[in-house]
Structure formats: structure tokens, C-alpha cells
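Below is one structure, written out as C-alpha cells; the observations come after it.
The values are calculated or read from the model by the stated rules, or taken from the named source; none is laboratory data. Quick caveat: nothing in here was measured; it's all calculated off a predicted structure. Every residue, glycine as well, gets a Cβ built from its backbone with ideal geometry; the counts of neighbours run over all protein chains shown. Please note that ligands, DNA and RNA were not included when accessible areas were found on the heavy atoms of the full protein model with its side chains. Shrake-Rupley method; radii C 1.70, N 1.55, O 1.52, S 1.80 Å.
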Amino acid sequence: MDLSTMKDACATTERVVAGISGSQLGLATPCTEWDVRAVLNHLLGTLSLGTALLGGTVPAVEMVPGGLPARDLVGDAADGSIVAAYRTRVDTVLSASGGDALQRVHDTPLGAMPGVVLAGHTTLDILVHGWDLATATGQQHGIDERLAEQVLAFARQTIPEQHRGQRIGPEVAVAATAAATDRLVGFLGRHP
């Protein structure tokens with residue numbers, strides 16, 4: 001996964017985040033245990049954690065991979081603060097991913113991980129949770145087919161069957177001829 005792919009995923013999800021109103025924070029999402037507020041919190045936390053891990057710094061937000069941050073990062077989405085918070089965190093993760101960050105091996109809570117794999121998992125999380133938020137709030141996901149194909153190829157290479165169950169549900173059968181986004185979210189246990 002390269003920096004360009006991460007940028008595209010961040011931009012795609014930003015359009016969805018910008019379309020969320022404060023009245024939608026309690027809506028159910030495809031992540032059955034989380035509402036819109038929780039998915040937004042996870043997304044913001046993931047961006048902060050990715051920044052710290054790729055940059056070799058102490059995380060600004062306490063959070064385990066795949067979990068929720070220790071404190072609410074969303075606030076009141078109706079005042080536009082969520083978009084600003086998202087953009088700020090995107091800028092920092094993209095900055096941390098520059099230089100030789102993708103070529104180095106990084107210490108993570110899941111063990112040593114090549115930067116390109118760490119960035120790939122961050123990108124995957126950003127894009128798929130953008131789809132979750134779009135689905136929950138009745139928006140178009142806006143995921144480009146090329147981007148979906150890249151992220152799906154990465155997911156197939158890096159998510160073994162034994163990692164399903166806790167954070168990733170069983171694969172949902174989707175036709176091989178379906179759109180790449182549908183195949184991606186189906187691979188990650190969501191119903192397109």
C-alpha cells in the first residue's frame with residue numbers, strides 16, 4: 001500500500017464525514033456494536049494511533065487497535081468540529097507516513113510490522129469505516145473502483161481466516177462479478 005492510496009482513502013472518507021449531522025450520531029451502523037458516534041471515535045482514534053506508530057511517537061490518544069479511544073473525540077458533529085478533527089488527524093497521519101516511514105519496520109501493539117503493512121491496515125480501516133458511515137447515514141460511499149480493488153487485494157493478502165471473529169466478521173458471499181467495493185465490504189463481513 002502506498003501513500004497515494006492512503007490519501008485517496010482519506011479523501012473519500014472525508015466526504016462522508018462532512019455529510020454527517022449531529023442528529024445522526026446515534027444511528028446504527030454495519031459495525032453492529034457501534035453507532036455512528038462510536039465509528040467516528042474509532043476512525044479518529046485510528047488516525048491518531050497510525051500517526052504515532054508510523055512516526056515512532058507516543059500516541060496522543062489512548063486506544064488499542066480495533067477498539068475505541070479512552071475518551072470521546074467526536075463532540076458535537078453539528079458544529080463542524082468533527083470534519084476539522086478528521087482533517088487535522090489525516091494531515092498528521094499522512095505526514096507521519098512520509099519519508100522512509102513505509103520502508104521501515106515499526107513496533108506496534110500487534111508486534112513488529114513493516115511500515116507499508118501498517119499504512120495498509122490504517123488505509124483499510126479508514127476506507128471501510130467510511131463505507132460504514134455512509135451506509136448508516138444514507139450517503140453514497142463514493143469509493144472509486146480502482147481504490148476498492150487495491151484495498152481488497154491488500155486485505156486478502158494480510159487478513160488470515162484465524163483473525164476473523166473478534167474484529168472482522170465472517171466473509172459474506174458476494175458474486176465475483178460484483179463491484180469491487182461490494183467485494184471488499186463482503187470480504188470484511190459486511191452485507192453490501
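In whole Hz, what ³J(HN,Hα) sequence does the stretch 99-114 give by Karplus (6.51, -1.76, 1.60; θ = phi - 60°), x for Gly and Pro?
Karplus values, whole Hz, x for Gly and Pro: x, 9, 4, 6, 8, 8, 9, 10, 7, 9, x, 9, x, 5, 9, x.
For the chain, what does the helix formula give at 222 nm: sum of -39500 (n - 2.57) over DSSP H segments with n ≥ 4, over the residue count, nearest 500 deg cm²/dmol?
Working: 6 runs with 97 residues, N = 192.
When only DSSP H runs of four or more count, the value is -17000 deg cm²/dmol.
Test of understanding: express the Cα radius of gyration of the stretch 108-169 as a ratio to 2.2 N^0.38 Å, with N the residue count. Please report the intermediate quantities before stating the final value.
Working: Rg = 12.9 Å, N = 62, 2.2 N^0.38 = 10.6 Å.
Taking N as the residue count of the stretch 108-169, the ratio is 1.22.
Show me 137-146, 118-127, 29-38 ranked by packing, highest mean number of other Cβ atoms within 10 Å first.
On the way: 137-146: 15.0, 118-127: 24.8, 29-38: 17.9.
The packing order, highest mean first, is 118-127, 29-38, 137-146.
Using a 1.4 Å probe over the heavy atoms of the protein chains, calculate the carbon and sulfur portion of the accessible area of the stretch 120-192 as a whole percent.
On the way: 1720 of 3500 Å².
Of all accessible area on the stretch 120-192, carbon and sulfur atoms account for 49 percent.
In whole Hz and in residue order, list the ³J(HN,Hα) couplings for the stretch 21-34 that follow from phi through the Karplus curve 6.51 cos²θ - 1.76 cosθ + 1.60, θ = phi - 60°; x for Gly and Pro.
Working through the residues one at a time gives 9, x, 6, 9, 4, x, 5, 5, 10, x, 7, 3, 8, 10 Hz.
Averaged across orientations, what area in nm² does the convex hull of the alpha carbons in the stretch 1-146 project? It would help to have the intermediate numbers written out before the result.
Working: hull surface 31.5 nm².
The Cα convex hull of the stretch 1-146, projected and averaged over all directions, gives 7.9 nm².
Distances longer than 22 Å among the Cα atoms of the stretch 83-192: what percent of all pairs is that?
37 percent
Please give me the summed charge of the neighbours of V172: other residues whose Cβ is under 15 Å from its Cβ, Lys and Arg +1, Asp and Glu -1. Don't skip to the end; give the middle numbers.
On the way: positive: R156, R164, R183, R190; negative: D132, E161, E171, D182.
Once positives and negatives cancel, what remains is 0.
Mean Kyte-Doolittle of at least 0.0 and a Cα length of 24 Å or more along the axis: which whole DSSP H helices of the chain meet both? Please report the intermediate quantities before stating the final value.
Working: long enough: 36-55 (28 Å, 1.20); 115-137 (33 Å, 0.84).
The answer, listed by residue number, is 36-55, 115-137.
Keeping all protein chains in place, calculate the accessible area per residue for the stretch 1-153 (probe 1.4 angstrom), answer in Å². Walk me through the numbers before you get to the answer.
Numbers: 6540 Å² over 153 residues.
For the stretch 1-153, the per-residue accessible area is 43 Å².
From the Cα trace of the stretch 1-44, what convex hull volume per residue do you get, rounded to a whole Å³? Walk me through the numbers before you get to the answer.
Details: hull volume 3.6 nm³, N = 44.
So the per-residue Cα hull volume is 81 Å³.
For H106, enumerate residues with amide H under 5 Å from its amide H, sequence gap 5+ or separate chain, H modeled in the peptide plane.
Close amide H contacts, sequence-distant or interchain: M113, G115.
Can you give me the long-range amide H partners of W34? Hydrogens built in the peptide plane at 1.01 Å from N, cutoff under 5 Å, separation of 5 or more residues or another chain.
T29
Please quote Rg/Rh for the stretch 63-112 to two decimal places, taking the Kirkwood radius as Rh and restricting both calculations to Cα atoms.
Values: Rg = 14.2 Å, Rh = 13.3 Å.
A ratio of 1.07.
Please compute the volume of the convex hull spanned by the alpha-carbon atoms of the stretch 35-101 and report it per residue in Å³. Mind showing how you got there, number by number?
Details: hull volume 4.8 nm³, N = 67.
Hull volume normalised by residue count: 71 Å³.
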